[in-house]
Amino acid sequence: MKKSILITGGAGFIGSHVVKLFVSKYPDYQIINLDALTYAGNLENLKEVEGAPNYKFVKADIKDAEALKTIFESHKITDVIHLAAESHVDRSISDPLAFVMTNVIGTVNLLNVAKEFWKGELDQHLFYHVSTDEVYGSLHDGSFFLETTPYDPQSPYSASKASSDHFVRAYANTYKMRTVVSNCSNNYGPNHFPEKLIPLCIHNIKNNKPLPVYGKGENVRDWLFVKDHARAIDTVFHQGKPGETYNIGGFNEWKNIDIVRLLCQKMDEKLGREEGSSEKLITYVTDRAGHDLRYAIDATKIQQELGWEPSLQFEEGIELTIDWYLANQDWLDHVTSGAYQDYYSELYGNR
Ligand code: NAD
Ligand code: DAU
């Protein structure tokens with residue numbers, strides 16, 4: 001059966017890298033990118049594949065079950081890679097319901113429609129759910145998150161992602177759907193929306209604006225280059241065992257303040273500024289409510305069982321990322337001015 005893969009959230013940060021990888025690497029697959037184009041969806045991320053014969057964009061909301069049915073039927077969807085989500089923790093603190101609606105209800109809609117559409121042949125299709133390490137909670141000792149670590153979400157965002165993970169596993173158990181879940185650590189790289197720490201700092205350093213560091217900057221995150229996450233998703237999609245969970249990460253922990261200092265130092269060099277000048281922009285601000293202290297993924301299982309490992313060291317990835325943002329000022333200007341949201345109508349008219 002020729003694969004017709006529905007990738008949800010393909011106009012977002014990680015989704016767009018997954019779409020570009022699959023469209024170019026698998027010309028025999030039909031890739032259907034479903035995205036509601038919320039503030040985080042940006043079709044400018046996908047310029048490279050816009051005209052590819054095996055690529056199609058469909059604007060739709062996963063909260064709309066009827067729209068999903070139509071898409072499954074008209075594109076004869078064989079597999080799903082589900083990334084669409086509300087993804088920013090700070091937004092989940094100010095508007096938790098939006099996260100329940102998209103991350104929980106939207107995911108259950110997608111599961112229901114897939115289950116009905118694949119009725120009688122559930123063993124021939126795969127529902128791949130892309131999730132986060134935040135579902136495991138916050139670490140306060142030197143341990144790591146394993147696939148067997150009990151869920152302990154601490155923010156409305158992670159609670160909504162944990163709920164969606166549970167639904168996916170419940171559908172595997174109850175209806176015998178073929179599902180796989182992966183839980184990844186913090187991603188960074190090109191096309192990252194500048195509300196998140198790394199692109200926000202790159203943008204603010206460039207424009208000599210304050211760098212807001214929450215609390216004391218002591219919180220630890222485990223960073224992975226986005227293209228390595230996309231490669232891991234490719235690996236799990238093709239080789240992952242149905243019913244399994246895979247943790248994805250690069251064993252690369254950094255305190256927030258150290259990342260911000262590294263960005264200042266690299267940007268001073270690249271912008272020809274006096275050493276230490278960007279560090280003066282660092283501003284300690286009120287901490288995030290319920291701020292998780294530390295995340296750290298143990299990625300041994302995916303490395304040993306599926307042979308995936310990161311291709312880039314952090315220093316290399318950060319250089320590439322800064323260079324990308326400096327070379328793509330248009331992308332950043334369109335995002336910060338809101339002009340990126342006009343791109344859909346330029347491309348697709350009123351559809
Ligand atoms: P993002 O916010 O950049 O992109 C999300 C995309 O989903 C956007 O294009 C948006 O338009 C779309 N979307 C949102 N609501 C939708 C809806 N109701 N219907 C259809 N489309 C909708 O997010 P991201 O950082 O690329 O994350 C993608 C996925 O990976 C998420 O599920 C997230 O939980 C997970 N994840 C992210 C990270 C990270 O560091 N960014 C790490 C691990 C896992
Ligand atoms: O761990 C995976 C998760 O990583 C994903 O599931 C989420 O979708 C993704 O947004 C990310 O969540 P974080 O909350 O870790 O990412 P963020 O970039 O928002 O923040 C990283 C750290 O930096 C966190 O400890 C909060 C801090 N921070 C963030 C911002 C935006 C600051 O100190 N200042 C800031 O301005």
Of the criteria (1) over 19 Å from Gly41 (Cα atoms); (2) of a type in the set (Phe, Trp, Tyr); (3) within 15 Å of ligand 2 (Cβ to nearest atom); (4) surrounded by fewer than 19 Cβ atoms within 10 Å (Cβ to Cβ), which one Trp223 fails: (4)
Boolean, Thr245 is on the phi < 0 side of the Ramachandran plot, in contact with a Phe, Trp or Tyr (Cβ under 7 Å, 6 or more places away or on another chain) and within 14 Å of ligand 1 (Cβ to nearest atom): no
Members of the range 248-265 that are closer than 20 Å to Leu281 by Cα and either of a type in the set (Asp, Glu) or assigned to a helix (DSSP H, G or I) (or both): Asn256, Ile257, Asp258, Ile259, Val260, Arg261, Leu262, Leu263, Cys264, Gln265
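Going by the conditions given, is Phe167 open to solvent by 10 Å² or more (accessible area, probe 1.4 Å) and either in contact with a helix residue (DSSP H, G or I) (Cβ under 7 Å, 6 or more places away or on another chain) or small (Gly, Ala, Ser) (or both)?
In short, yes.
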Unique residue being more than 14 Å from ligand 2 (Cβ to nearest atom), at pLDDT 95 or above and either over 30 Å from Val80 (Cβ atoms) or of a type outside the set (S, T, N, Q) (or both) when the list is Asp287, Asp292, Asp234: Asp234
Subset tally (residues that are of a type in the set (S, T, N, Q) and either part of a helix (DSSP H, G or I) or open to solvent by less than 30 Å² (accessible area, probe 1.4 Å) (or both)) for the range 268-287: 1
Residue selected from the range 128-145 under the condition of a type in the set (A, V, I, L, M, F, W, C) and in contact with a Lys or Arg (Cβ under 6 Å, 6 or more places away or on another chain), by the criterion least open to solvent (accessible area, probe 1.4 Å): Val135
Yes/no for Lys119 being over 25 Å from Val236 (Cα atoms) and either without any contact (Cβ under 8 Å) to a residue 40 or more places away in the chain or open to solvent by 10 Å² or more (accessible area, probe 1.4 Å) (or both): no
Residue list for the range 63-94, restricted to those being over 16 Å from the mean Cα position of the chain (by Cα), of a type outside the set (Ser, Thr, Tyr) and open to solvent by less than 20 Å² (accessible area, probe 1.4 Å): Leu68, Ile71, Phe72, Ile77, Asp79
Pair list, Cβ under 6 Å, 6 or more apart: the range 332-351 residue within 12 Å of Thr38 (Cα to Cα), other residue surrounded by 11 or more Cβ atoms within 10 Å (Cβ to Cβ) and among the polar types (S, T, N, Q): Tyr340/Asn42
Candidates Lys161, Lys216, Lys241, Lys209, filtered to the one that is closer than 25 Å to Tyr29 by Cα, not polar (S, T, N, Q) and not in a strand (DSSP E or B): Lys241
Which listed residue is open to solvent by 20 Å² or more (accessible area, probe 1.4 Å) and touching a helix residue (DSSP H, G or I) at 6+ places or on another chain (Cβ under 6 Å), from Gln265, Gln239: Gln239
Residue within the range 182-194 that is more than 9 Å from ligand 2 (Cβ to nearest atom) and farther than 25 Å from Leu21 by Cα present: no
Residue ID - most open to solvent (accessible area, probe 1.4 Å), chosen from residues in the range 146-156 that are in a loop (DSSP other than H, G, I, E, B) and touching a residue at least 40 places away in the same chain (Cβ under 8 Å): Gln154
Among residues of the range 92-114, those that are more than 9 Å from ligand 1 (Cβ to nearest atom) and touching an Asp or Glu at 6+ places or on another chain (Cβ under 8 Å), counted: 3
Conditions (1) surrounded by fewer than 21 Cβ atoms within 10 Å (Cβ to Cβ); (2) of a type in the set (Gly, Ala, Ser); (3) touching a residue at least 24 places away in the same chain (Cβ under 8 Å): number failed by Ala98: (3)
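The values are calculated or read from the model by the stated rules, or taken from the named source; none is laboratory data. Note that the coordinates shown come from a computational prediction; the quantities given were computed from them, not determined experimentally. Because the Cβ atoms are built from the backbone with ideal geometry, glycine has one as well, and the counts that use them run over all protein chains shown. Heads up: the accessible areas ignore ligands, DNA and RNA and are worked out on the full protein's heavy atoms, side chains in. Shrake-Rupley method; radii C 1.70, N 1.55, O 1.52, S 1.80 Å.
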